[in-house]
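The values are calculated or read from the model by the stated rules, or taken from the named source; none is laboratory data. All of these numbers come straight from a predicted model, not from anything done at the bench. Glycine gets a Cβ as well: all are built from the backbone with ideal geometry, and neighbour counts include every protein chain shown.
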């Protein structure tokens, strides 16, 4: 999965101003995940269980639009050339919801509160960083609850990694997307088990 880049009007204006000043590099905006495939045909979600993915929790120091890189022990620095299009907690939530929807065709995955869901999915990201050597490290916990908050699955925990091809912003976005994909694989297995469905 390869993340896509959005260049909005505000970005074009800021880029032009930076170029005119000649003092700062152009800033690009990145989004976790891949573009959704073009929808064709008509289908109904009637009768399918609904799982509401709550906004993914991430450590406060990560929950911004900065693309952070590790530059030493206990030290992170923000990229001067790239930013996320939204706070990291929202970016992970949207990317994870899309990946789970692909893996769980017999389940409605939504990150928007609405109809009473059969289950709620709670995901807590403990670490999501790019090490100095370009390795992306993601550590997360997750669990399913009923609509009224009763836990229906044992708490799960996973550690995932993906190598960035370089320390450039685009390579970092790709590696972080791959780590989210790995997390989605494991959460999908939890959902299959909890709902008594066969994987696939």
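Residue-wise test of (1) within 19 Å of residue 188 (Cβ to Cβ); (2) out of contact with any strand residue (DSSP E or B) (no Cβ under 7 Å at 6 or more places or on another chain).
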position: 63; (1), (2): no, yes
position: 66; (1), (2): no, no
position: 74; (1), (2): no, yes
position: 79; (1), (2): no, no
position: 96; (1), (2): yes, no
position: 101; (1), (2): yes, no
position: 108; (1), (2): yes, no
position: 129; (1), (2): no, no
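Can residue 64 be described as touching a helix residue (DSSP H, G or I) at 6+ places or on another chain (Cβ under 6 Å) and either outside any strand (DSSP E or B) or closer than 16 Å to residue 29 by Cα (or both)? Give the steps one after another, and end with the answer.
On the way: touching a helix residue (DSSP H, G or I) at 6+ places or on another chain (Cβ under 6 Å): no; either outside any strand (DSSP E or B) or closer than 16 Å to residue 29 by Cα (or both): yes.
It is false that residue 64 is touching a helix residue (DSSP H, G or I) at 6+ places or on another chain (Cβ under 6 Å) and either outside any strand (DSSP E or B) or closer than 16 Å to residue 29 by Cα (or both).
If you check 67, 130 for being more than 14 Å from the chain's Cα centre (by Cα) and within 21 Å of residue 183 (Cα to Cα), only one passes: 130. In the stretch 101-200, counting only strands (runs of 3 or more DSSP E) that sit wholly within it, the ones holding 1 or more residues that are under 21 Å from residue 71 (Cβ atoms) and free of Cβ contacts under 8 Å to residues at least 60 places away in the same chain span 135-145, 156-163. For the stretch 149-162, residues that are at pLDDT below 95 and closer than 22 Å to residue 34 by Cα total 0.
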